[in-house]
Amino acid sequence: MVEWTEQERNIITSIFSNLDYDDVGPKALCRCLIVYPWTQRYFASFGNLYNADAIKTNPNIQTHGTRVLHGLDRAVKNMDNIKGTYAELSVLHSEKLHVDPDNFKLLADCLTIVIAAKMGSGFTPEMQATFQKFLAVVVSALGRQYH
Amino acid sequence: MSLSGKDKTVVKAFWDKVSPKTAEMGGEALVRMLTAYPQTKTYFSHWSDLGPDSAQVKKHGATIMGAIGDAVSKIDDLTGSLSKLSELHAFKLRVDPANFRILAHNIILVLAMYFPNDFTPEVHVSVDKFLQNLALALSERYR
């Protein structure tokens, strides 16, 4: 069972309540696809991903980035049972989407970097530690149902 | 994933731009590494203060960034130019090379924090590759 202090819970809810999902989501996904190009393998049906500009302006990536970020809302609302909350999504990513779970960490890192870029020094080392702990739990939950 | 000509150009140009802030960013990156990845503190048990305000930590972060800046200027031969530092890390410090990736992540995060408009995804990928190659050169003498 993951333990969360009162402070950690506050940090997570605060970060997400001040988040512009339509901006941060697509930015994080774009950055992941550009910095780790092998992740593009999962988006073959999305159209033109041939270069950084194409990725940044691709409307499917925009939509999907926002969706993925909203997917984290469930974890924010159920911090004491992230594993259970994501059981179904884990099965989906394993059985239907066939995503290598190592990729979850890559996207998580990109999301952290995009949020750091947005918040600047407001994203303190302590907030970074808490946010990364949160994402590590999410990543672990998403990989849980793979077999 | 070796460095292309374009990667080298991008890294050099970006480092030129950020060089006035590298000492400060280095300190910030090391503070964040020790805070977000507490297992890395095991390498600094000889320091009295490992907190976010530690002068020792900030100074050491600046030293590390200085060495990285030096590596940028010798980007065409990272293995050769880092040979002495590799020996230091291999035989004296014995830092598990997995930690190089952890520090690289924190350096990248701080670069994005300080230069959000310049640290585009295109710059990010070249810098990520550079730090990966640097880590490889640093672990060259390990075994």
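Observations, loosely collected:
- Carbon/sulfur fraction of accessible area - chain B, other protein chains in place, 1.4 Å, %: 55
- Dipole check for the protein assembly as shown: with +1 at the C-beta of Lys and Arg, -1 at the C-beta of Asp and Glu, and the Cα centre as origin, the magnitude is about 440 Debye.
- Normalised by 2.2 N^0.38 Å, where N is the number of residues, the C-alpha radius of gyration of the range A:63-147 stands at 1.11.
- With 10 Å² as the minimum drop in accessible area between chain alone and full protein complex (1.4 Å probe), the qualifying residues in the range A:4-37 are A:R31, A:I34, A:V35, A:Y36.
- Were the residues from A:D23 through A:H98 laid out at 0.36 nm apart, the gain over their Cα-Cα distance would be 24.3 nm.
- Burial here means at least 20 square angstrom less accessible surface with every protein chain in place than with the chain by itself, probed at 1.4 Å; in the range B:83-118 the buried residues are B:R101, B:H105, B:L109, B:A112, B:M113, B:P116.
- When all protein chains stay in place and ligands, DNA and RNA are ignored, the 1.4 Å accessible-area order of B:R143, B:R101, largest first, is B:R143, B:R101.
- Estimated from helical segments only, the mean residue ellipticity of the protein assembly as shown at 222 nm is -20000 deg cm²/dmol, where each DSSP H run of four or more residues counts as -39500 (n - 2.57).
- Carbon + sulfur, % of accessible area of chain A - ligands and nucleic acids excluded, 1.4 Å: 54
- The range B:1-114: radius of gyration over Cα atoms, expressed as a fraction of 2.2 N^0.38 Å: 1.08
- Note on chain A: Kirkwood radius taken over Cα pairs, Stokes-Einstein applied at 37 °C and 0.692 mPa s, translational D equal to 208 µm² s⁻¹.
- For the chain pair B and A, buried accessible area totals roughly 1900 Å², probe 1.4 Å, rounded to the nearest 100.
- The lysines whose alpha-carbon is closer than 18 Å to the alpha-carbon of B:K58, local same-chain residues fewer than 8 away aside, are B:K21, B:K41.
- Taking N as its residue count, the alpha carbon Rg of the protein assembly as shown over 2.2 N^0.38 Å: 1.02
- Compared with its chain on its own, the range A:114-147 contains the following residues whose accessible area drops by 30 Å² or more in the full protein assembly (probe 1.4 Å; ligands, DNA and RNA excluded): A:A116, A:A117, A:P125, A:Q128, A:A129, A:Q132.
- Accessible area (Å², per residue) of chain B, counting only protein heavy atoms and a probe of 1.4 Å: 51
- Straight-line cross-link partners of A:K105 among the lysines, defined as a Cα under 18 Å from its Cα and at least 8 positions apart when in the same chain: A:K27, A:K83, A:K133, B:K129.
The values are calculated or read from the model by the stated rules, or taken from the named source; none is laboratory data. Being a predicted model, the structure only gives us computed values, none of them experimental. Here the Cβ is made from the backbone with ideal geometry for all residues, glycine too, and neighbour counts use every protein chain on show. SASA here: full protein model, heavy atoms, side chains in, ligands and nucleic acids out. Shrake-Rupley method; radii C 1.70, N 1.55, O 1.52, S 1.80 Å.
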